[in-house]
Amino acid sequence: MDLAEEFTGPLRLVRGLRRLDDLDSLGDYRSQMASALERPLAGGTDVLRLMRAVAHVNDLLTSKLLRLAEDLLGPPPCSYAWLALGSHGRGEQVLSSDQDSALAYASTDSTAGDPSEYFPRMADLVVDGLTRAGIPRCNGGYMASSWCYPLEVFTDFFHRWVDYPRPEALLQAEVFLDVRPVHGDLAVGALSEILISNQRNGYFLLQMARAAVTFRPPRVVFGHLHTDHGLLDVKRAGTASIVLLARLYAIAAGSTAHTTEQRLQAAGGAGTISESGAHQLADAYRLLTELRLRGQVEQVRHGLPVDNRVRVDALTATDRRRLHEALRSVRVVQEITENRFATHTVT
């Protein structure tokens with residue numbers, strides 16, 4: 001990705017990262033990112049491109065922290081790969097995105113040191129650095145500081161998740177479905193292949209469908225949207241479900257696409273979801289993400305905690321109408337999914 005094609009703001013961040021020589025010098029990273037987003041958001045730049053740019057700059061930050069960790073700890077004893085998971089793996093990050101990562105290292109014996117000691121220390125340093133940069137720790141613990149194993153251990157995990165798709169295994173597998181290497185020279189492509197090539201079995205898709213219909217958007221009654229004192233969590237109300245639906249129908253189509261937009265295109269093209277349904281979900285995802293990102297930039301500007309809530313009554317009449325339509329589209333596809341997969345049969 002050429003950042004200059006996305007927007008000029010991150011270029012200043014990139015230059016700053018190149019000069020970074022201290023794991024502690026990251027306090028204003030998120031405010032700089034918010035400032036970089038402000039102009040393109042106001043200018044109508046596609047928010048999906050902006051999310052990709054945010055993820056790309058976060059890639060650069062992660063790589064820089066890993067190089068600084070290597071300087072501090074010494075050369076790594078063997079090959080490794082830092083893996084981005086979740087929204088980072090999909091390249092769909094906003095200002096509230098938390099850390100989702102893992103670290104895989106070569107399973108061969110090393111004479112240069114003990115990998116089981118070196119890489120957990122590296123992971124702790126980088127996770128701490130990302131936290132200081134304003135990228136929150138994952139509440140579910142999906143971070144390299146917890147998920148740091150030889151590649152063969154990850155391979156065993158992946159096979160187990162596919163072969164025994166229980167609810168906990170599904171949760172773990174879905175986080176890793178978006179796996180993407182960010183830094184390091186260890187080849188890890190086989191991990192994605194294990195998940196994608198084996199997930200067209202019915203029970204796994206059924207479990208995924210159940211997850212995709214769990215959180216329903218609020219209904220619009222007499223033109224009014226049910227909110228929490230005027231605030232709507234757009235992630236819980238819509239974007240999280242769209243991500244799950246896109247993943248479900250793309251995998252049902254045998255697609256290896258990683259982004260939500262590409263997954264919907266693949267699913268619509270293959271007919272696992274109607275083309276109109278895929279198009280409506282893509283439009284809904286774009287709108288909800290725009291509202292989410294605009295709200296977060298304002299929160300950072302005013303020194304407020306960053307979350308996923310937007311004040312509905314502060315939206316224009318046009319945006320409120322589009323919001324109602326977007327949430328309705330999500331509900332419709334969820335209802336179709338519920339009936340198609342008979343999710344009520346899953347326990």
Q.
For region 300-326: of the residues being assigned to a helix (DSSP H, G or I) and buried (at least 23 other Cβ atoms within 10 Å of the Cβ), which is farthest from the chain's Cα centre (by Cα)?
A. L323
Q. All but one of (1) touching a strand residue (DSSP E or B) at 6+ places or on another chain (Cβ under 7 Å); (2) modelled with pLDDT under 90 hold for H224; which doesn't?
A. (1)
**Q.** Given (1) surrounded by fewer than 19 Cβ atoms within 10 Å (Cβ to Cβ); (2) touching a helix residue (DSSP H, G or I) at 6+ places or on another chain (Cβ under 8 Å); (3) not hydrophobic (A, V, I, L, M, F, W, C), index of the condition E152 fails
**A.** (2)
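Among the residues in region 219-232, are any among the hydrophobic types (A, V, I, L, M, F, W, C) and in a loop (DSSP other than H, G, I, E, B)? If you could, list the steps in order and put the result at the bottom.
We begin by selecting, within region 219-232, every residue among the hydrophobic types (A, V, I, L, M, F, W, C); these are 220-222, 225, 231-232.
Now restrict to residues that are in a loop (DSSP other than H, G, I, E, B): 222.
Within region 219-232, one or more residues are among the hydrophobic types (A, V, I, L, M, F, W, C) and in a loop (DSSP other than H, G, I, E, B).
Do we have any residue at all in region 41-62 that's of a type in the set (D, E, K, R) and modelled with pLDDT under 90?
Narrowing region 41-62 to residues of a type in the set (D, E, K, R): 46, 49, 52, 59.
Now restrict to residues that are modelled with pLDDT under 90: none.
No - not one qualifying residue is present in region 41-62.
Residues that are within 23 Å of T343 (Cα to Cα) and crowded, with 21+ Cβ neighbours inside 10 Å: does region 289-299 have at least one?
Kept after step one, since they are within 23 Å of T343 (Cα to Cα), are these residues of region 289-299: none.
No: zero hits.
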Q | Single match in A69, A36, A102, A53 (criterion: closer than 22 Å to R132 by Cβ and in contact with an Asp or Glu (Cβ under 7 Å, 6 or more places away or on another chain)) | A | A53
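Before we move on, is E275 surrounded by fewer than 16 Cβ atoms within 10 Å (Cβ to Cβ) and farther than 25 Å from L232 by Cβ?
Numbers: surrounded by fewer than 16 Cβ atoms within 10 Å (Cβ to Cβ): yes; farther than 25 Å from L232 by Cβ: yes.
Spelling it out, E275 is indeed surrounded by fewer than 16 Cβ atoms within 10 Å (Cβ to Cβ) and farther than 25 Å from L232 by Cβ.
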Q) Which of the residues that make up region 252-265 are under 19 Å from R180 (Cα atoms) and surrounded by fewer than 24 Cβ atoms within 10 Å (Cβ to Cβ)? A) G254, S255, T256, A257, H258, T259, E261, Q262
Q) How about region 221-248: which of its residues are of a type in the set (A, V, I, L, M) and either crowded, with 24+ Cβ neighbours inside 10 Å or under 29 Å from Q207 (Cα atoms) (or both)? A) L232, V234, A237, A240, I242, V243, L244, L245, A246, L248
Q | Residues within region 10-33 that are surrounded by 21 or more Cβ atoms within 10 Å (Cβ to Cβ) and either small (G, A, S) or modelled with pLDDT of 90 or more (or both), tallied | A | 0
Q. Can you tell me which of A123, A104, A144, A53 is assigned by TED's automatic domain parsing to the domain that holds V175, over 28 Å from A169 (Cα atoms), among the small types (G, A, S) and buried (at least 22 other Cβ atoms within 10 Å of the Cβ)?
A. A53
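The values are calculated or read from the model by the stated rules, or taken from the named source; none is laboratory data. Everything numeric in this text was worked out from a predicted model, so none of it was measured. Virtual Cβ from ideal backbone geometry, glycine too; neighbours counted across all protein chains shown.
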